[in-house]
Structures are given as C-alpha cells and as structure tokens.
Amino acid sequence: MAALVGSLAGTPAFAHDRVLEVIESNPLARALSPVFSPGVNLMRAVFLDSRLGELYLNLDEMRMRLVAYLRLQAAAPPQDPRLAPLVAELSDASPDFAALWARHDVTPASSGVNRIHHRLVGDFELRFERLCFAGSDDPVLVIYHAAPGTPGETALRELARLGAPLPSAQNPLDDIQSRQTSATSRQPASMVSE
C-alpha cells in the first residue's frame, strides 16, 4: 500500500481502514491536511477538532458523508472491534455525531467534492474518489484531484512546490492524537445497538 500511495505524487492520496483511521498517506495529502497523517482517525478529527471548520468549508456535508460511511461499515461483517468504542466515544463527545448516527443513514459515498480554504494556497474545490480493491472494502484508497485549469489544480501544484504541512502551532494532529491515545487506553465500551 505504501508504494502505491507514494507513487501518486501529483495528487493527494491516502488509505484508511474500516473505522476511518489513516494507515498511509503521501506528502501532498499531508500538506493538504495534517489529518491525512497515518494514525489519525478521520471521525475523531472531523468531530473533535473545531479547527477543521476553517479548512473545510463544507464540513457539515463531510461529516454526514463520513458518518453514513461508518454506519455502512457497522452493517458489514465482520465488524471491527474498534467500531463500538469509537461510536460510544464520539456519541459522548459530540452531539453532532450522536444526531447524525441516530439518523441511520447508510451511504457508500465513493466520490464527491470538498470545498477547502487552505491558509497557504487559498480557496478551491477538490473532487475525491474512494477506491476499494477487488473483493475487499479494507483498506480504502482515497484520491483527491482537481479539474484542469481550476483553482484546485493551481493550489495542488503550489502545495506540491511548497511541500509544507501546517506548522505545528496550528497542527490539529496534536490534540487528535492525544485523544486517540486516551481513547485506546480505556476499556472497550459495550456494542452500540444504534
């Protein structure tokens, strides 16, 4: 997986597992958003780090897509043992997550658009494609791309040239990773029935 993700140097690419934990990413993905760093759980990031609202202009839409995707994973056997504790943690910590989870939306969003405000390269849109390997839904490869001649294409080219992730003073990873360490050190919660 690392070689495949790394070979996609001209576009942000990362892989995640069934509970949306990033397992591999390329430098351009990390320059786009530090939440695309290995070890970060995307669900925790979008619900527990308020700074992502500054980066993703369509954060509410993104949250709906991710919760519906996680709900799909909850319905597909075999269930990942990390799923119930993650759902319990997020339900306790985020009323927004709890409300979306209670809706029971199940949508395998394989593609879409994110609107981004990046402090280094401005505002732009990127499409994403979620790709699965034949016969499996884990891991999932996510590739961002921009239409030719758009601000998104210019922004990606500039991010690649800069090769610079957000400075650590504004890096949301610190808080997210400390929450993950705390969450994984607790006893697993009972299975969530909703």
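The values are calculated or read from the model by the stated rules, or taken from the named source; none is laboratory data. Values in this document were obtained by computation on a predicted structure and should not be read as measured data. Note that we place each Cβ from the backbone using ideal geometry, even for glycine, and neighbour counts take in every protein chain shown.
From the list G53, G10, the lone residue that is more than 25 Å from A84 (Cβ to Cβ), out of contact with any strand residue (DSSP E or B) (no Cβ under 8 Å at 6 or more places or on another chain) and either modelled with pLDDT of 95 or more or not in a helix (DSSP H, G or I) (or both) is G10.
Considering only residues of segment 1-14 that are crowded, with 23+ Cβ neighbours inside 10 Å and either in contact with an Asp or Glu (Cβ under 9 Å, 6 or more places away or on another chain) or of a type in the set (F, W, Y) (or both), which is farthest from G152 (Cα to Cα)? Out of the qualifying residues, it is F14.
Residue by residue, here is whether (1) at pLDDT 95 or above; (2) within 14 Å of M62 (Cα to Cα); (3) part of a loop (DSSP other than H, G, I, E, B) holds:
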site	(1), (2), (3)
D123	yes, no, no
R127	yes, yes, no
L131	no, no, no
A134	no, no, yes
D137	no, no, yes
I143	yes, no, no
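Selection of segment 35-49 for residues being within 20 Å of A93 (Cβ to Cβ) and in a helix (DSSP H, G or I) yields V35, L42, M43, R44, A45, V46, F47, L48. Is it the case that some residue within segment 23-34 is of a type in the set (A, V, I, L, M), within 12 Å of the chain's Cα centre (by Cα), buried (at least 23 other Cβ atoms within 10 Å of the Cβ) and not in a helix (DSSP H, G or I)? The answer is no, given that none of the residues of segment 23-34 is of a type in the set (A, V, I, L, M), within 12 Å of the chain's Cα centre (by Cα), buried (at least 23 other Cβ atoms within 10 Å of the Cβ) and not in a helix (DSSP H, G or I).
The condition of being in a loop (DSSP other than H, G, I, E, B) and modelled with pLDDT under 95 holds for R18. Checking each residue in segment 119-155 for being buried (at least 19 other Cβ atoms within 10 Å of the Cβ), farther than 30 Å from A74 by Cα and not small (G, A, S) picks out V121, F124.
Within segment 80-89, the set of residues being under 12 Å from L70 (Cβ atoms) and either in contact with a helix residue (DSSP H, G or I) (Cβ under 7 Å, 6 or more places away or on another chain) or in a loop (DSSP other than H, G, I, E, B) (or both) comprises D80, R82, L83, L86, V87.
Annotation: of all residues in segment 103-118 being over 15 Å from Y56 (Cβ atoms) and among the β-branched types (V, I, T), the one that is surrounded by the fewest Cβ atoms within 10 Å (Cβ to Cβ) is T107.
Sort out which residues of segment 90-119 are more than 11 Å from M64 (Cα to Cα), at pLDDT 95 or above and not in a strand (DSSP E or B), and write them in order of number. If the condition is that a residue be more than 11 Å from M64 (Cα to Cα), at pLDDT 95 or above and not in a strand (DSSP E or B), then L90, S91, D92, A93, S94, P95, A98, A102 are the ones that fit.
Among the residues of segment 15-39, those identified as farther than 13 Å from D138 by Cα and in contact with a Phe, Trp or Tyr (Cβ under 9 Å, 6 or more places away or on another chain) are S25, N26, L28, A29, R30, L32, S33, F36, S37, P38. Every residue in segment 77-95 that is more than 28 Å from P12 (Cα to Cα) and surrounded by fewer than 17 Cβ atoms within 10 Å (Cβ to Cβ), please. Matches in segment 77-95: P77, P78, Q79, P81, D92, A93, P95. Residues that are in contact with a strand residue (DSSP E or B) (Cβ under 6 Å, 6 or more places away or on another chain) and surrounded by fewer than 23 Cβ atoms within 10 Å (Cβ to Cβ) within segment 38-50 comprise just one, P38.
The residues listed here are V106, V113; of these, the one that is in contact with a helix residue (DSSP H, G or I) (Cβ under 7 Å, 6 or more places away or on another chain), β-branched (V, I, T) and closer than 17 Å to R130 by Cβ is V106.
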